[in-house]
Structures are given as C-alpha cells and as structure tokens.
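Q: Here it is, the structure in full.
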Amino acid sequence: MKTIQINPDDNVAVAIEALSAGTTVNIEGKNITLNNDVPAGHKFLLTDLKAGENVIKYGYPIGHLKEDHKEGDFICDTHIKTNLEGLLDYTYSPVAKEELTNPAYQEWFSNPELPTTFKGYRRKNGDVGIRNEVWIVPTVGCVNGVVNQLADQLKREVNDPSSPLYRKEGALRITAFPHNYGCSQLSDDHDNTRKILRDLVLHPNAGAVLIVGLGCENNQPDQFKELLGDYDEEHIRMMVSQKVEGDEVEYGMNILRELYAIALKDERTDIPLSELRVGLKCGGSDGFSGITANPLLGVFSDYIVSKGGTTVLTEVPEMFGAETILMNRCANKKLFDETVSLVNNFKQYFLSHGEPVGENPSPGNKAGGISTLEEKALGCTQKCGKSAVLGVMDYGERLQNKGLNLLSAPGNDLVASTALASCGCHIVLFTTGRGTPFGTFVPTMKISTNSTLAKNKPTWIDFNAGTIVEGEPMKDVFTRFAQKVIAIANGEEAWNEKKNYQEISIFKNGVTL
C-alpha cells in the first residue's frame, strides 16, 4: 500500500511512502498522477480545488486552500490556511448510542489472550498503584538542591552491599521531583502548584514520600499538610528545613531510611482492569499519527472503558477543530456544557494574551505532514476511541468518574503528561511520529507512528504502531499492544524509566513576584 484515503469523503490522500512526481496511484478505482514529489506522511489532492475551498481529511475540513491547485498536487502547510477563529457557540447534538462503539470490538475484546487483571499495589486507603517508589517532593524550588542531594545519597546507600537497605534484587526506585514554584506566585498559579504537588504526594504509584519544605514559602508546609486531607502518615512524612537544627540532609536521610524500609514490605497482588487509569497523550505528531498510533490508542481506550476502567484525554488546544466530536459524545447536557467551557476557556486564555487560537502545529508536525491545527486535532482526538465522555476535569483536579474523561491542560508534552499523572493516571500512553525521550512521574510509554522512528530510536520507543500501514491487522496490533501495556503495569519498565527520565512541569499563567 503506497497511499491511503482515510475517509471516502476526503479530497486528499496520504502517501505511506515517499512518492516521486509522475507516479500514478490508484485511489478507489481512479488513477491519480502526482505533479510533485510527496514525502511519506504528506498529502496530495484527489481533485482540482480553487482558492478558499476546504481541504477534507478524516471526513472533516482541515482548512482551506490559499490558491488554486490541481489534482495530484502536493499539499502542505504553506498551501493551507486554518479555518479556526475565536470563541464559538455550540449546540448539543448527542450521537446515537450505537455510534459509541464498534461492533467488531466485541470479538476483539473477548480474545482470551487479552489480560483481565494486572499486578498492582493495594494501598491502605483502598487505592491502587502500579509502582512502589520512594519520592522526595519539595514544597518550593528553594530546596531543590536538598531534595536532589537526599535522592542521590539514598541511592548510594541502597546500592551499597554493606547498607542494611541493600537488596540484591527488588530495590525500589528513588526519585526527587524538583520544580521552580511554591513561592512568588499568586491566585491560580499558586493554587495550581499546590494542587499538582498534592496530587503527586498522594499518588498511589508512590510507596513512600518525603515532603521537603523550607519554612518561609507561600506554599506553607502546615497549610500544604491540610490540603493533603486524611493521608497515610506512616508512608508520607514532612521535613521543614528551617526548623531542623544542624544538617537537614542527614535529618532527612534518617526519615528516608525508615520510609524506604516501610515501602519494601509492600507487595503486588491481582487487580481487575476496572481499576486501571490510563492517560492518553501525543507529541511530535506526524502524518501517520491519525492513521496508526492514535487509532490504536482509541481501540485500547475503548477496551479499558469496556472493562470498567478509566482513560483520560487532555491537550485542550489540540482539540480545536475536532471539539464538536467530543462534545456530541458527552453522556449528558451537563457534561456537554462543561466541555464547551473547557474549550472556550482555553481559547480565551490564548486570546487574552493576544495569540491566535490556531497557532499550531509545530515545525516538527509540519515536517511530518500535519498542515493545520484542525488536521492535528482530528488525529489527536482519535486516541480516545468512540466511548461516551463521562467526566470533565479542571487542571489539577483528581479523577472522580470511571470511563472516558476530558482534562484541562495545554498541549505542552511535560505539562500535559504531568497533569494526566496528577489526576490519578497510573501510566501515560504517548504516541509520537518524531520521537521524544522524556517521561513524567508515572511510566510514560512511547508508541511510534512509523517503523522508521522505532528502528532509529529503539531506546525511546516502547511499541511500534507503524506496522498497521505495513499490512498487520489492527486487531493483531491491538492484542500485542494491550499485552505490552499490562506488562508495564505489572512492573516491566518503560524506556523513560530505564533511562531515569522522570520529571514534572506545572502550568503557569500569571505574574512572578
């Protein structure tokens, strides 16, 4: 297969491999001769179009042509202008119930090769984690040096055969999460920092947490403890550095040694898939994202939801142009209204800074074959499959509803992935066509949209979805993918974990004092 017309209503097709000018391809019985070279993942016209006419891909407009073009012309970002503008009014037109699933999935999801449980850690409050790690979390950036030193020293002790904490096998991952905030912030920024840090501290993937404060910061340690609510004081401790007489590192080490020993006692047990929570994210997308990896995540999302589990879609600016698809899948009018607010609030955020709502995609997206934000969004939203939207969350909010949820966060990879983990997701599934090594504080599994990336970056990519355009049936790819995701849930390390790429980033909007 050299080309693909994704939807029968499309007036463009996508080159699966690089094609030269003069090549003739057959699209649904019609021969099209290419007038230009077309790189892999890029588009060419299936008919003549005039300036101002819409380019249709995925069955929806992705923008309009700036000038006339002929059948067989290569079309990229220089030829198309977005149709997006400011705030919009929306009408709730819920899709029919039968459109919220694919009948073929019933057979796929009943495959006995698919896992029905995972091995997780049951916490005292009944919650479940898929990791059992020791985390060191600063309340303010002023103590970043302290938390980094504490993590380094604990790692040295754990790896020292003469240390009582040493284990030849079964050592726990130890991670510090420095950040730049916790002071000199006002209103929403201050609240966002506190919420994300709260969510990090309470996340069930941590077997033990040491919170390190300074003492004079805006994010006051005592007030932060109140924000945590009723928490497990055996597994979560706090140190306020200004109140420590003498060396705060040695003081903190005494706490960490005790926490580490406590966390070592935790064991995995069988947990039903209904308790798995999965974040859906893409970054460095290309022209294959909406053909391979994102639809694969969509099938997996529907699978988890069908088992009573939870998936979360974010990147609100990358819903622009496809937002009505999500709005009309909302289970009720209240959720529709919340989704409208989710989208328009983010548009207002852009407009309030004097920025256009369609200032996207990135240079890497364009090089990979994505021309407009609408095109990116129509590919992006495929990650959440066909399920009904059952929850809508503000930034920093924690999950309350099972099923498919929408979460407010920007498109930035680390900010959005941090938000997904903070809301309670155990793992982030991250599709990419260009590649990226990063990871947030939960396993961040990379799924390549094309086989070239998987081959060139084997220490970034955990799963290759590029085989879908090479002839492997989606059903078979999905089965392998589901097995891989559950293997990582069971303890197999994602590449970001193997490389110790674990970070957080907090959304900031306002002034710095």
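The values are calculated or read from the model by the stated rules, or taken from the named source; none is laboratory data. Owing to the predicted nature of the structure, the values given are computational and were not obtained by experimental measurement. Every residue, glycine as well, gets a Cβ built from its backbone with ideal geometry; the counts of neighbours run over all protein chains shown.
Q: Which of the following residues is in a helix (DSSP H, G or I) and either polar (S, T, N, Q) or at pLDDT 95 or above (or both): S505, S417? So that I can check it myself, show each step before the final result.
A: Numbers: S505 fails: in a helix (DSSP H, G or I).
Within the list S505, S417, the selection yields S417.
Q: Related question: In this structure, does R434 turn out to be of a type in the set (K, R) and more than 28 Å from R173 (Cα to Cα)? Steps first, answer last, please.
A: On the way: of a type in the set (K, R): yes; more than 28 Å from R173 (Cα to Cα): yes.
So R434 passes the test.
Q: How many residues are under 26 Å from N132 (Cα atoms) and part of a loop (DSSP other than H, G, I, E, B) when one looks only at region 183-205?
A: Pass one, region 183-205, residues under 26 Å from N132 (Cα atoms): 192-205.
Restricting the remaining residues to those that are part of a loop (DSSP other than H, G, I, E, B) gives 203-205.
Here the count works out to 3.
Q: While we're looking at this one, here's another question. Answer yes if at least one residue in region 76-90 is crowded, with 17+ Cβ neighbours inside 10 Å, free of Cβ contacts under 8 Å to residues at least 60 places away in the same chain and assigned by TED's automatic domain parsing to the domain that holds T24, and no otherwise.
A: Taking every residue of region 76-90 in turn, none turns out to be crowded, with 17+ Cβ neighbours inside 10 Å, free of Cβ contacts under 8 Å to residues at least 60 places away in the same chain and assigned by TED's automatic domain parsing to the domain that holds T24.
Q: Another one. Can you work out which of the residues in region 365-408 that are of a type in the set (A, V, I, L, M, F, W, C) and part of a helix (DSSP H, G or I) is farthest from L65 (Cα to Cα)? Give the derivation first.
A: Quick first cut of region 365-408, residues of a type in the set (A, V, I, L, M, F, W, C) only: 367, 370, 373, 377-378, 380, 384, 388-390, 392-393, 399, 404, 406-407.
In the following step, the residues that additionally are part of a helix (DSSP H, G or I) were identified as 367, 373, 377-378, 380, 384.
Numbers: A367: 18, L373: 14, A377: 18, L378: 18, C380: 22, C384: 29 Å.
Looking at residues that are of a type in the set (A, V, I, L, M, F, W, C) and part of a helix (DSSP H, G or I), I get C384.
Q: Please identify the pairs in which a residue from region 213-225 that is closer than 22 Å to H235 by Cα has its Cβ atom under 8 Å from the Cβ atom of a residue that is among the aliphatic types (A, V, I, L, M) and part of a loop (DSSP other than H, G, I, E, B), counting only partners at least 6 apart or on another chain.
A: Filtered contacts from region 213-225: G213/V140; L214/V140; N219/V140.
Q: Going through N102, N125 one at a time, which residue ends up being at pLDDT 95 or above, polar (S, T, N, Q) and not assigned by TED's automatic domain parsing to the domain that holds G213? So that I can check it myself, show each step before the final result.
A: On the way: N102 fails: at pLDDT 95 or above.
Criteria check complete, one pass: N125.
Q: Just to be sure, is E472 assigned to a loop (DSSP other than H, G, I, E, B), closer than 23 Å to G287 by Cα and modelled with pLDDT of 95 or more? Give the steps one after another, and end with the answer.
A: Working: assigned to a loop (DSSP other than H, G, I, E, B): yes; closer than 23 Å to G287 by Cα: yes; modelled with pLDDT of 95 or more: yes.
So E472 passes the test.
Q: Kindly provide the set of residues from region 272-302 that are in a helix (DSSP H, G or I) and of a type outside the set (D, E), ordered by number. I'd like the intermediate steps shown before the answer.
A: Applying the first criterion (in a helix (DSSP H, G or I)) to region 272-302 yields 273-275, 293-302.
L273, S274, A293, N294, P295, L296, L297, G298, V299, F300, S301, listed by residue number.
Q: Further, regarding this structure: Can you confirm whether E17 is surrounded by 15 or more Cβ atoms within 10 Å (Cβ to Cβ), outside any strand (DSSP E or B) and outside the structural domain of C380 (by TED's automatic domain parsing)? Please lay out each step first, then the result.
A: On the way: surrounded by 15 or more Cβ atoms within 10 Å (Cβ to Cβ): no; outside any strand (DSSP E or B): yes; outside the structural domain of C380 (by TED's automatic domain parsing): yes.
Answer is no for this residue.
Q: Can you say whether P356 is closer than 20 Å to G433 by Cβ and surrounded by fewer than 21 Cβ atoms within 10 Å (Cβ to Cβ), as far as the supplied structure shows? Walk me through it before giving the result.
A: Details: closer than 20 Å to G433 by Cβ: no; surrounded by fewer than 21 Cβ atoms within 10 Å (Cβ to Cβ): yes.
No; evaluated as a whole, the condition is false for this residue.
Q: Something else about it: How many residues, within region 50-73, are of a type in the set (G, A, S) and surrounded by fewer than 16 Cβ atoms within 10 Å (Cβ to Cβ)?
A: Step one: of region 50-73, the residues of a type in the set (G, A, S) are 51-52, 59, 63, 72.
Then keep just the ones that are surrounded by fewer than 16 Cβ atoms within 10 Å (Cβ to Cβ); that gives 51-52, 59.
Selection size over region 50-73: 3.
Q: Oh, and also: Select, from I75, I56, the only residue that is under 30 Å from L404 (Cβ atoms), over 26 Å from the mean Cα position of the chain (by Cα) and of a type in the set (A, V, I, L, M, F, W, C). If you could, list the steps in order and put the result at the bottom.
A: Details: I75 fails: under 30 Å from L404 (Cβ atoms).
Answer to the check: I56.
Q: Among the residues that make up region 222-244, is at least one of them over 30 Å from E275 (Cα atoms) and in contact with a Lys or Arg (Cβ under 9 Å, 6 or more places away or on another chain)? Before the answer, list the steps.
A: Residues of region 222-244 that are over 30 Å from E275 (Cα atoms), as a first pass: 222-223, 239-244.
From the residues that got through so far, the ones that are in contact with a Lys or Arg (Cβ under 9 Å, 6 or more places away or on another chain) too are 223.
Scanning region 222-244, I find at least one residue that is over 30 Å from E275 (Cα atoms) and in contact with a Lys or Arg (Cβ under 9 Å, 6 or more places away or on another chain), so the answer is yes.
Q: Just a yes or no: is a residue in region 475-483 touching a strand residue (DSSP E or B) at 6+ places or on another chain (Cβ under 7 Å), in the same structural domain as M393 (by TED's automatic domain parsing) and in contact (Cβ under 8 Å) with a residue 60 or more places away in the chain? Talk me through it step by step, then tell me what you get.
A: Of all residues in region 475-483, those touching a strand residue (DSSP E or B) at 6+ places or on another chain (Cβ under 7 Å) come to 481.
Still in the list and also in the same structural domain as M393 (by TED's automatic domain parsing): 481.
Now narrow it down to the ones that are in contact (Cβ under 8 Å) with a residue 60 or more places away in the chain: 481.
The answer is yes, given that some residue of region 475-483 is touching a strand residue (DSSP E or B) at 6+ places or on another chain (Cβ under 7 Å), in the same structural domain as M393 (by TED's automatic domain parsing) and in contact (Cβ under 8 Å) with a residue 60 or more places away in the chain.
Q: Taking only pairs six or more apart or across chains, which ones have beta-carbon atoms under 8 Å, a first residue in region 263-279 that is of a type in the set (V, I, T), and a second residue that is assigned to a loop (DSSP other than H, G, I, E, B)?
A: Filtered contacts from region 263-279: V278/G309; V278/C425; V278/H426.
Q: Now for a different question. Out of everything in region 446-468 that is among the β-branched types (V, I, T) and touching a strand residue (DSSP E or B) at 6+ places or on another chain (Cβ under 7 Å), what residue ends up being surrounded by the fewest Cβ atoms within 10 Å (Cβ to Cβ)? It would help to see each step written out before you state the result.
A: First pass over region 446-468, keeping only residues among the β-branched types (V, I, T): 447, 449, 452, 459, 461, 467-468.
Checking which are touching a strand residue (DSSP E or B) at 6+ places or on another chain (Cβ under 7 Å) leaves us with 447, 449, 461.
Details: I447: 27, T449: 33, I461: 23.
If we take residues in region 446-468 being among the β-branched types (V, I, T) and touching a strand residue (DSSP E or B) at 6+ places or on another chain (Cβ under 7 Å), then I461 is surrounded by the fewest Cβ atoms within 10 Å (Cβ to Cβ).
Q: Quick one: in region 205-246, which of the residues that are within 14 Å of G182 (Cα to Cα) and among the small types (G, A, S) is nearest to the chain's Cα centre (by Cα)?
A: G213
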